[in-house]
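Scroll down for the structure; my scribbles are underneath it.
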Amino acid sequence: MLCPFCRHEDTQVIDSREAEDGAAIRRRRRCPACDKRFTTYERVELTMPAVVKKDGSRAEYDRAKVRASMQLAIRKRPVSAEALDAAIARVEYQLLAGAEREVVSQRVGELVMRELKRLDKIAYIRFASVYRSFEDVSEFRDVLEEIDNGEKPKKKS
């Protein structure tokens, strides 16, 4: 493994442990040349389904996009990086479990919303307000009632 700081070709593993609910291995490494430390993650490489967008175009699944949207929703909320990583891993597991070559973007959004609801109710509301394009306060009220009652949200007609 190349050192990201000095590009030295040989780094030492200091510590290894399970991460993302067993879906990855987190390794702490040290470079003997520059003595800097860094973290790497080792995970199984599986082919994620392509994402079919609302306009019919297709794109590769992008973990970074999912992470960025979830990070925006949990911004300034008491959610750890480990909890976020585990939530993303569960989204990906659900996508892979479907064994489909393509998945509609709405499915990805719904999976993300389900995980945010588990992590933090405020983050869930933040994400839902953008994802569902809320236009007035009554739509917020509907989501708040959904959370209070534990029921499915009403669909726009």
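The values are calculated or read from the model by the stated rules, or taken from the named source; none is laboratory data. Computed from a predicted structure; not experimentally measured. Here the Cβ positions follow ideal geometry from the backbone for every residue, glycine too, while neighbour counts run over all protein chains shown.
Just checking, does the stretch 9-21 include any residue being assigned to a helix (DSSP H, G or I), farther than 24 Å from V130 by Cα, touching a residue at least 40 places away in the same chain (Cβ under 8 Å) and not assigned by TED's automatic domain parsing to the domain that holds I125?
yes
Check the stretch 27-41 and report whether any residue there is farther than 26 Å from E146 by Cα, aliphatic (A, V, I, L, M) and under 16 Å from the mean Cα position of the chain (by Cα).
No, the stretch 27-41 contains no residue that is farther than 26 Å from E146 by Cα, aliphatic (A, V, I, L, M) and under 16 Å from the mean Cα position of the chain (by Cα).
Kindly evaluate R141 against the criterion of being over 17 Å from the mean Cα position of the chain (by Cα) and either modelled with pLDDT under 85 or in a loop (DSSP other than H, G, I, E, B) (or both).
yes
Looking at the stretch 43-51, can you tell me whether even one residue there is surrounded by fewer than 16 Cβ atoms within 10 Å (Cβ to Cβ), closer than 27 Å to V143 by Cβ and over 11 Å from the mean Cα position of the chain (by Cα)?
Within the stretch 43-51 (the criterion being surrounded by fewer than 16 Cβ atoms within 10 Å (Cβ to Cβ), closer than 27 Å to V143 by Cβ and over 11 Å from the mean Cα position of the chain (by Cα)), the answer is no, since none of the residues qualifies.
For the stretch 27-53, what are the residues that are over 22 Å from L116 (Cα atoms), charged (D, E, K, R) and at pLDDT below 95?
E42, R43, E45
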